[in-house]
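Step one of this worksheet: look at the structure below.
The values are calculated or read from the model by the stated rules, or taken from the named source; none is laboratory data. Everything numeric in this text was worked out from a predicted model, so none of it was measured. Positions of Cβ are backbone-derived with ideal geometry, glycine not excepted, and every protein chain shown enters the neighbour counts. Side chains are part of the model used for accessible areas, which takes the heavy atoms of the whole protein and leaves out ligands, DNA and RNA. Shrake-Rupley method; radii C 1.70, N 1.55, O 1.52, S 1.80 Å.
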Amino acid sequence: MKKLRKQFQGLYWRQMFVTAGMVLLTLLLLGASFFSLSYNYARGQKSEEIMAKARVMSQLSINYLENGRYMDIEDLRSDPDFQQLATFAAIVSDVHFMICDTEGHVLLTTDQALEGKVITMPESMSREILEKGASARRDSLGGLYESRRFVVGVPAVNPETQEVVGEVYGVSTTSSLDSMWQGFIGLFFMTAFVVLMISFMASSITTMRQVQPIREMVQATRRYAEGDFDIRMNDYGRDDEIGELAASFNAMAESLQQTERQRREFIANISHELKTPMTTIAGYTDGILDGTIPPEREKQYLQIISDESRRLSRMVRRMLDVSQLQAIDPLKSGSHFDICESMRRVLISMEKKITDRDLDVDADIPEEPILVLGDNDMITQVIYNLLENATKFARSGSTLYLGVTTIDGKARVTVRNLGDTIPAEELPLLFERFHKSDKSRSEDKDGVGLGLYIVKTILEQHKEKINVTSENGVTTFTFSLAME
């Protein structure tokens, strides 16, 4: 029971119930409005029609009512000419007439069902006829008829003296009008049922098309929660919001899958990078403690342990630097600094390493300041990392290039060295965390594989990108910074 109730509380059934309710309410309101307007109009037309016929009968009755020609009911009923005239008029007009005196007493009626009965019309109608000149209502005349009928009364007025000499009432059965409304109600309910079914089916199809992708997304989300990011949404070839949602959902899945892949690679890389110095430290420490390493060589291995400890410390510090960099918005303050001065400071700090590698430097740095937007310390770190990387892998005796130019409102910084050509398939991997080429692993004992990743992170924080090319042994790193 609980499962069934939950099912009916779903989006599909809610949409269905709302649609069916709105359609049904609309049909009821339209039907009620049309019924009311058309019924009142038909009733008014019917009343005017009967009233016109009653006025004609009143004109025909004046000659028989004036001057008290008929002193009682029997006198009027015994007149065959008038009786025949009234009956003929009733047959032709499909209206029963009642001819009364000024007090509402019926002197003659064309309704044979009322023959022989003493009838007095309602006092309120007689008074209304005398005061307003006419009276119209639907009434059973105090139970005289089984159902209410249209009753219209008009005065019989002498045209010469303008004296009211009697009253004439026209009574019509409502059978024709009732039959029309019964037919209308039947047609209305049939039409409402057909419209409701059509809207129900149309809403069912439309709602199912809307709900089905959402159900698939719910299932996909559960799979994602379990760590399976391979599932993708079907956009059903739609260009509406559902199609956009499916495309966004698939893009999110791609991003999550890539993030998960990077996370696993990060864990694998950091495990490898941390395991190497820790294994070295533990192995040499155990060798000293258990006497495997002779005392005269302890100093040599203690130096190795010290170097590995420092490398491990640098690695952890670099990882913390990356975490901090990702939380900084260097463009928020909107400050400017001289990129040329930053490049000169980096060259001075790198002088010893460049000299030790027997390298020359081709510095293309203008004397005039070039102001760029960003964080001075972070950009200095970018230039330092790039120049250090270029120094480390440059061919001994070659020349390093460090220069800056202005193009299209941006400062373009270039760092270039001459060494081994980096394979094209490896270029996109240079900026990944802990990435090193196989050759550099053996040569670069101090590196932790985070320098270029930090470069990319800092430039992304500045809304910029870095490009790298490597051809014929010449490797060039280029990035830009906004000047305004």
Checklist entry - Once you put a point 7 Å from the Cα of Arg14 and another 7 Å from the Cα of Thr405, both along the Cβ direction, what distance in nm separates them? => result 6.1 nm
Item to check | Cα-based Rg and Dmax for the stretch 11-60, where Dmax is the largest Cα-Cα distance (Å) | outcome: 21.3, 73
Checklist entry - Which order do His336, His105 take when ranked by solvent-accessible area (1.4 Å probe, heavy atoms of all protein chains), largest first? => result His336, His105
Checklist entry - Roughly how many nanometres apart are two label points built 7 Å out from the Cα toward the Cβ at Glu471 and Leu30? => result 7.2 nm
Checklist entry - Over 22 Å between Cα atoms, which of Lys332/Lys463; Lys275/Lys392; Lys352/Lys392; Lys352/Lys410; Lys410/Lys465 qualify? => result Lys275/Lys392; Lys352/Lys410
Checklist entry - What FRET efficiency would be calculated for the residue pair Glu131, Leu37, taking the C-beta separation as r and a Förster radius of 35 Å, to the nearest 0.05? => result 0.75
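Please give the length that would be gained between Ile205 and Ile91 if that part of the chain were fully extended, namely 0.36 nm times their separation in residues minus their C-alpha to C-alpha distance (nm, one decimal).
On the way: separation 114, 0.36 × 114 = 41.04 nm, distance 5.86 nm.
The Ile205-Ile91 span can extend by a further 35.2 nm.
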